[in-house]
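Here's the structure we're looking at; comments come further down.
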Amino acid sequence: MINFSLRQLQYFVATVEHGGVSAAARACHVSQPSVSLAIAQLETALGSALFRRQASRGVELTAAGQRVLAQARDILGQAAALGAGDASGELRGQLSLICFQDLGPYFAPRLLAGFHARHPQVAVTLLEGDLATVQRALRSGKAELALTYELAIDAQTARSTLAELSPYALLPADHPLAAQDTVSLAQLAAQPLVLEDIPHTREYLLSLFWQQQLTPRIAQTVQSFEMQRGLVAHGYGVALSCTRPAGDCSYDGTAIACRPLAETLPAQRVVLAQAPGAEVSPLVAAFVASAQAAG
C-alpha cells in the first residue's frame, strides 16, 4: 500500500502553483523545510521524482510529476467535498486561476468576489501572465482554470464563454480620426502605431492589418496594456485592442477616444478554460458556475 497524506499532496500542489518551495511555504503559512520534507516523503512513497530541481529555473515537473498532479488535485477535490461536513454542503479547498494580464483586472476581481460570497471557505491562488504564459500554466497543470481569450487555447481544451469583445481603435482624444464614428484599418495603418508586444497578442493585432494587405507603421512597442493606453492618450500614436476598461482615460486621467472599426471582424471570446486532461473538480465546477451566473 502506498502511504501518503493529504498534507503532502497539498504542499506538492502548492509548490507547482507557486513555482517553488519557498513561495509554497509562504502561501501555506508553514516553514520551507516542512514543504521540502513533505515533498521528499511523497516522492519516496510514490517511488518517483516529482520535480527536476534547477537553480536557475526553480522547480519543474517530471513526467511522473505531471501524472501525479492531476491525481493529487482530484484527491484533494474529493477530500474537500467530503470534508464539507455540514448540512449546507459548503465547499472547502484551494483553486488555482491564471488570468491573461489584460483581462484580469477587468474581469477577475468581480468574479472572485462573487465566488467568495458563494464559497467563502475556498481559497483561490491568482496568477497572471501573457497569453503564452497562460497556455503553459494550463498545459503544465500549474493552474486549473484560465481566464483568457479563446485564441490562447487549443481546440481540445474545455472552456466556457463569459463575453465577446470586438477589436476597436484607441486614439488621442484630439486626433482627427476621433471625430469619425468608425475608423478603418487602412486609416490606422497610416498612423504611428503603439503595439502591445507580448506573445500571441502581438500576432493577433498585426494579423488584423495583414488580412487587409496592410503594413502598419509601428512607432513604439510596449509590454502592458496600460502603457499602451498612456502613450496613446498623450499623442504618441494610435492603437488596437479588444479589452476596454470602464472610463476612456489613461492612468493619469488623460482622455482617450475609442472608436469601432469600420471593418466587420470576428469578436474575441473571453473564456474560462480548464486544464486539459484533468477531471473537473467540485471547486472548478463551482467557479465556472459562479462566473456564468455573474454574467
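Only beta bridges with both residues in the chain are counted; by DSSP, about 55 percent of them are antiparallel. Expressed as a whole percent, the accessible surface of the chain that belongs to carbon and sulfur atoms is 53, based on a 1.4 Å probe. For Leu46, Leu170, Leu91, the ranking by accessible surface with the largest value first comes to Leu46, Leu91, Leu170, using a 1.4 Å probe. Since only Thr201, Leu69, Gly129 are under comparison, the one whose Cα sits farthest along the positive direction of the charge dipole of the chain, derived from C-beta charges on Lys, Arg, Asp and Glu, is Leu69. Specify which labelled value, from (1) 6, 24, 26, 19, 12, 8, 4, 1; (2) 6, 26, 33, 23, 10, 1; (3) 6, 25, 28, 20, 13, 6, 1, 0, agrees with P(r) over Cα pairs in 10 Å bins from 0, in percent derived from the coordinates of the model shown. Computing P(r) over Cα pairs in 10 Å bins from 0, in percent and matching it to (1) 6, 24, 26, 19, 12, 8, 4, 1; (2) 6, 26, 33, 23, 10, 1; (3) 6, 25, 28, 20, 13, 6, 1, 0 gives (3). For Leu214, the solvent-accessible surface computed with a 1.4 Å probe is close to 40 Å², ligands and nucleic acids excluded. Among the protein heavy atoms, those of Thr264 account for about 140 Å² of accessible surface (1.4 Å probe, every chain in place).
Exposure check, 1.4 Å probe, all protein chains in place: Arg110 carries approximately 110 Å² of accessible surface.
With an 8 Å cut-off on Cα pairs and a minimum separation of 6 or more residues, tell me the relative contact order of region 151-245 in percent. With pairs under 8 Å counted, the relative contact order is 41 percent. Here the dipole of region 188-295 is about 200 debye; that uses its Cα centre as origin and unit charges on the Cβ of Lys and Arg (positive) and Asp and Glu (negative).
Solvent-accessible area per residue in the chain equals 47 Å², computed with a 1.4 angstrom probe and all protein chains kept. For Leu240, the residues whose amide H sits under 5 Å from its own are Leu170, ignoring neighbours fewer than 5 places away on the same chain, with H placed 1.01 Å from N. Our coupling estimate for region 165-171, obtained by passing each phi through the Karplus curve with A = 6.51, B = -1.76, C = 1.60 and θ = phi - 60°, is 10, 8, x, 9, 9, 9, 9 Hz, Gly and Pro reported as x.
The values are calculated or read from the model by the stated rules, or taken from the named source; none is laboratory data. This structure is a prediction, so every number in the text was calculated from the model and none was measured. Neighbour counts run over all protein chains shown; Cβ positions are idealised from the backbone, glycine included. Areas reflect the complete protein model, heavy atoms only, side chains present, ligands, DNA and RNA absent. Shrake-Rupley method; radii C 1.70, N 1.55, O 1.52, S 1.80 Å.
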